[in-house]
Each structure stands twice: as structure tokens, then as C-alpha cells.
1. Taking a probe of 1.4 Å, how large is the accessible area per residue of the chain, in Å²?
2. For every other residue with a beta carbon closer than 11 angstrom to the beta carbon of GLN179, add +1 if it is Lys or Arg and -1 if Asp or Glu, then tell me the sum.
3. Give the carbon-plus-sulfur fraction of the accessible surface of the chain in %, rounded to a whole number; probe 1.4 Å, heavy atoms of protein chains only.
4. GLN25 to ASP139: FRET efficiency via 1/(1 + (r/R0)^6), r the Cβ-Cβ distance, R0 30 Å, to the nearest 0.05?
5. Over the chain, what is the relative contact order in whole percent, taking alpha-carbon pairs under 8 Å and six or more residues apart?
6. Want the number for ALA157 to MET32: 0.36 nm per residue separation, take away the alpha-carbon distance, what's left?
7. How far apart, in nanometres, would the label points at ASP174 and ASP116 be if each is projected 7 angstrom from Cα along the Cα-to-Cβ direction?
8. I'd like to know how the stretch 184-276 sits against the 2.2 N^0.38 Å rule of thumb: what's its Cα Rg over that expected value?
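The values are calculated or read from the model by the stated rules, or taken from the named source; none is laboratory data. Since this is a predicted model, take the numbers as computed values, not measurements. Every residue, glycine as well, gets a Cβ built from its backbone with ideal geometry; the counts of neighbours run over all protein chains shown. Calculation scope for accessible area: heavy atoms of the full protein, side chains included, ligands and nucleic acids excluded. Shrake-Rupley method; radii C 1.70, N 1.55, O 1.52, S 1.80 Å.
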Amino acid sequence: MASPAHPKRQDWRDTAVAAANAAAQFITHEAMSRHTLTWEEKSATDFVSRVDVGAEERIRDMITARIPGIRMVGEELSADAHPEQGLVAIVDPLDGTTNFLHGFPNYGVSICIALDGVPQAAVVHDVARGGVLHATAGDGAFVNSSRLRVSTTTSPARALIGTGIPFKDVSQADLYLRQLRRLMPIISGVRRAGSAALDLSDVARGRFDGFWELFLNPWDLAAGVLLVREAGGRVTDLEGHEAPLTRGPIVASNGILHDWFLGMLNEGEVSAPYPP
Ligand code: 2AM
Ligand code: CA
């Protein structure tokens, strides 16, 4: 197992930021002609276009040229690669594809460089709303050059919570709706913006006090996990274990509200809410 903070992590962050910038430039250019794009179906509710693939090719080419020996775990081109073995770049070239295709301004690029399952460097480029969020392990999180801090909200009644509504696996809908029903009357609001990487960024930015989703893939969550941790928050699974970089449920918060949040999500559920 590698030490948690690798000496090359800042070089890796710089490469990830450069690759995200290149992808963001491409996405912004392509957004002008989004009406001409063909939507390809990965499944009935999950779409991809040549913009996703083109952005990932640009990221892959830059990262593999600058970091010898790195493996890609990318949503469109190498989704089956293992995210917790060796030196990997975990990449969502366009998180919020559905938003992008509709012209709804909430999509971005997410890249995490991890070594043996430990996130070392991360960037989320908030393409539509603006801001390059980045972090390296142990050195804090930043938006552009400003330090990021999670919120200081202590009262659930003041909490604004981000979420992702299950869209593929409807078997999770009942659990999800029970969780939502318990939270709704006692918090200040719930938002579903359609990009998990940006939702986690919004926890790191202190805009959301918490975020949960029952199923995410490694590329949706890996960069955001490091941003939230480095901004002073917590990210776990539903049982309170530190979030892995593999797929699964994610609960993020400003840390202060975390135990309360986990308690609410799990209250009255008879068995472990999500299969391992
Ligand atoms: P994507 O745009 O990279 O596919 C969590 O909700 C994640 O699921 C999002 O970050 C989004 O990542 C993905 N997703 C895919 N299809 C979706 C849909 N129809 N509605 C919401 N999220 C979707
Ligand atoms: Ca994507």
C-alpha cells in the first residue's frame, strides 16, 4: 500500500488540471452546436454523444503522455478497468451529459489520480457555471486560487441537501423515497442538479451542507471525494465507512451533520440498505 500522500501529487494535479481545461474547451465549443448531436443510448435513460468520447480522448492522450505507466478508468473508453489498483486516472469526461444535451447549465469534467485506492490529486472543472476546483491529498482544496471550506451549518433545519434520484435501477426507488420522506420535512431544501461530481463540489464549496445518492460509479465520485475531504468534510458509504473509489452509495456532508445525516438515511431500515 502506498503512503497516503505521494511526492508527485502536485505534478499529477497540474496534469489533471491541464487535461480538464482541454476537455472543457472542447465541450464549450461543441455546446454551440449541441442541436446537431446524436444521442446514443447506453441504456434507456443514460445517453452519450461524440462530445463525451471526444473529451475523454483528449484527456487520455494528455494524461498518458505526461504520466508514464498510468492506467485510465474512464466512463466512455475504459469503464471496466479497476479503480483501486496501481496508478490510475479516474475520468468522467462529461459529468451531467443529460444536462449538456438539454442545454441545462450544470455539467463538468471530473478527473482523479489515485494510487492503490488512495486519491492523490483531483480536479472538477465546472464548465457551465465556472470554476476549476482542485485538490491534492493533505494540501487542501481550492477553486481557482481560493481555498475551499465546507459549510459550518450545525442545524438540520438550515441544511440544503443535494441528491441524485435513482434513474436506472428502479428497485432502489422505494428505499430512496423513504429516505427523502424522512428528510424533507426537517431540512431547508433538497436539490437534484444532475451531476454528482458537481454536487460533491458544491459540498466542498459550502453551497450544499450534504449530498447523498444510492448508486454512483467511480468516475462520478472519485474527484469529488478528495475535494470534500480536503475542504474539511466527510464522505462515506451508508454505513459510515470511508467512501471507496469503487461503485456504490455515497453520503457526503460538512462533517458536523454527518452522524445526524447517516442516522436519518438509515432510520427504520431493517437490513443493510445496499448490497456490498
Ligand atoms: P453522467 O452525466 O456522466 O452520465 C448521478 O446521478 C450520475 O448519473 C450523474 O452524475 C450522471 O453522470 C449520471 N446519469 C446518467 N444518466 C442520468 C440521468 N438520466 N439522470 C441523472 N443522472 C444521470
Ligand atoms: Ca459522463
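1. Averaged over the residues of the chain, the accessible area is 42 Å².
2. Within the 11 Å Cβ shell, the charges total -1.
3. Taking all protein chains in place, the chain shows 53 percent carbon and sulfur surface.
4. That pair, GLN25 with ASP139, gives E of 0.70.
5. Across the chain, relative contact order equals 17 percent.
6. 40.9 nm
7. In this crude spin-label approximation the distance works out to 4.3 nm.
8. It is 0.99.
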